[in-house]
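Here is the structure we will look at.
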Amino acid sequence: MVDRGYDIDLAGVQNPSTAPAQLAEIAARRGDLHPLVLAHPACYPQLREWILQVNPSVRAAMSAGPAMPPGPAMPPAAAPGAAMAPGPRRGRGGLCALLGCGGLALLGVIIVAIVFVGGLLTGPSTQDRPTSDRSTSEGTTARDDSLAAFEAERTRYYELYAQIESNPVAPLVADLLAFRRWESSIADPSLTDASVAQYAADARGAREQLEQRIADAATRRTNASGSVTEAIVDESGQGFIDIAWDASAECGTSRRADEGRITIGCVSEEPLAVHLAPEDQLGGDTARRVVALHELSHLYTRADSDAKGAALSASTVLVEQGHFQGNSEVFADCYALTYLDLWTLTFDGREYGYGYICTPEERQLMRTWAAEVHAPMPQ
């Protein structure tokens, strides 16, 4: 009953309702899915152009005129020029529950496709961009002013980031991946003065947003609901992660609903939040803690991925080495089991998670990973 080989990115490109921002993030990390991305109704012109620039094999295939690889039927693409503003970046699917005969049996199946564009296609493309016209003193002065403004914002941004650097979701809170890309791009001498000015404006926006998020977190650190799950989220995220008991509305319907599964948890990055089913649907306190910790681990792994940039995140390395059954969802289960020092995923007669109890050796790997990414882990 457990779906162990689920490909989150493939499911995303096969889902016609996947948002443009999520589609762009999938394209950034999965070149093998570029043909399906191009066939998706949410593939907007800039994303299409970027794929054809960075993937010569796809460009050659399209030039030759073959049909796209078979995929699910999708609605027609939006008309050229239609607004393609990215929607909220949410995980689709989530921790699901299985309603069995003679009682309620829960079988958690996290289908979290956390999405985070992190600056992909942010700002003007550096390819085929006209060079800056520096023939006049006005143009040069304007460019110098923009570079100075960017540097001032950069200094303040990293001062703010230093205040939250030990938080496990700091890279997501600060949009660190996007900011680093702006730092790299603004050094390109072929940028126009207008592009440099735009990067300076982007840096100011990122700094102002980070200031606001730090202020908001200070007021969100108290367990307003008095619930078990909010207590865990508030303690772990230090106010930077919100929680809502709205899984039925925010997480979507399980793709295996015909088997009796219902979605009981997922996460989103914008806003940064854990979405759960109401606590009275999550079993006892232990089960509630397991569900919340499982979901939190997905935010931690995504933050680690953004912090690493082009390099593989620590959790990805462990999973690709074959630990945790080579499955990121089992990894999330093991985080919860290790945190709570549990050796079962059955609580009050209900089964949660992916059915695998991680070994002592894997738990030590988990503790080492948690220390590296600042994820909470009791000693």
#### Entry: Portion, in percent, of the accessible area of segment 235-306 that falls on carbon or sulfur, probe 1.4 Å
42 percent
### Message
What distance in nm separates the two pseudo spin-label positions at Arg221 and Tyr158, each 7 Å out from Cα along the beta-carbon direction?
### Response
2.6 nm
## Note on the structure
So for R0 = 30 Å, FRET eff. of Thr253-Glu320 from the Cβ-Cβ r, to 0.05, ends up at 0.50
### Query
What is the calculated FRET efficiency for Glu208 to Thr346, with r their C-beta to C-beta distance and R₀ = 41 Å, to the nearest 0.05?
0.30
#### Entry: Peptides ranked, highest mean first, by Cβ atoms within 10 Å: ranges 182-193, 286-297, 214-225
286-297, 182-193, 214-225
### Task
Compute the Cα gyration tensor for segment 244-303, then decide on rounded, prolate or oblate, letting a ≥ b ≥ c be the square roots of its eigenvalues: rounded whenever a/c is under 1.5, prolate when a/b is larger than b/c in the other cases, and oblate in all that remain.
oblate
### Task
Provide the net charge surrounding Asp202, with neighbours chosen by a C-beta distance below 13 Å and charges set as Lys +1, Arg +1, Asp -1, Glu -1.
+1
### Task
Would you mind counting up the charge near Ile51? Only other residues with Cβ under 14 Å from its Cβ, with Lys and Arg at +1 and Asp and Glu at -1.
+1
### Task
Once you have a ≥ b ≥ c as the square roots of the Cα gyration tensor eigenvalues for segment 141-215, tell me rounded if a/c is under 1.5, and otherwise prolate or oblate according to whether a/b is larger than b/c.
prolate
### Query
Based on the Cβ-Cβ distance of Gln281 and Gln14, what FRET efficiency does E = 1/(1 + (r/R0)^6) give at R0 = 25 Å, to the nearest 0.05?
0.30
### Query
How compact and how long is segment 180-317, expressed as Rg and Dmax of its alpha-carbon atoms in Å?
19.0, 60
### Summary
A student applying the Cα gyration tensor rule (rounded when a/c is under 1.5; otherwise prolate if a/b is larger than b/c, oblate if not) would label segment 291-347 oblate
### Query
Quick one: net charge of Arg221's neighbours, Cβ under 12 Å, K/R +1, D/E -1?
-4
### Task
Mind listing the long-range amide H neighbours of Thr263? Cut-off is under 5 Å, sequence gap 5 or more, other chains count too, H placed in the peptide plane at 1.01 Å from N.
Ala97, Ser254
### Task
Give a residue-ordered list of calculated ³J(HN,Hα) values for segment 353-359 (Karplus: 6.51 cos²θ - 1.76 cosθ + 1.60, θ = phi - 60°; whole Hz; x for Gly, Pro).
x, 9, x, 10, 9, 5, 7
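The values are calculated or read from the model by the stated rules, or taken from the named source; none is laboratory data. Keep in mind that this is a model prediction, so the values were computed, not measured. Positions of Cβ are backbone-derived with ideal geometry, glycine not excepted, and every protein chain shown enters the neighbour counts. SASA here: full protein model, heavy atoms, side chains in, ligands and nucleic acids out. Shrake-Rupley method; radii C 1.70, N 1.55, O 1.52, S 1.80 Å.
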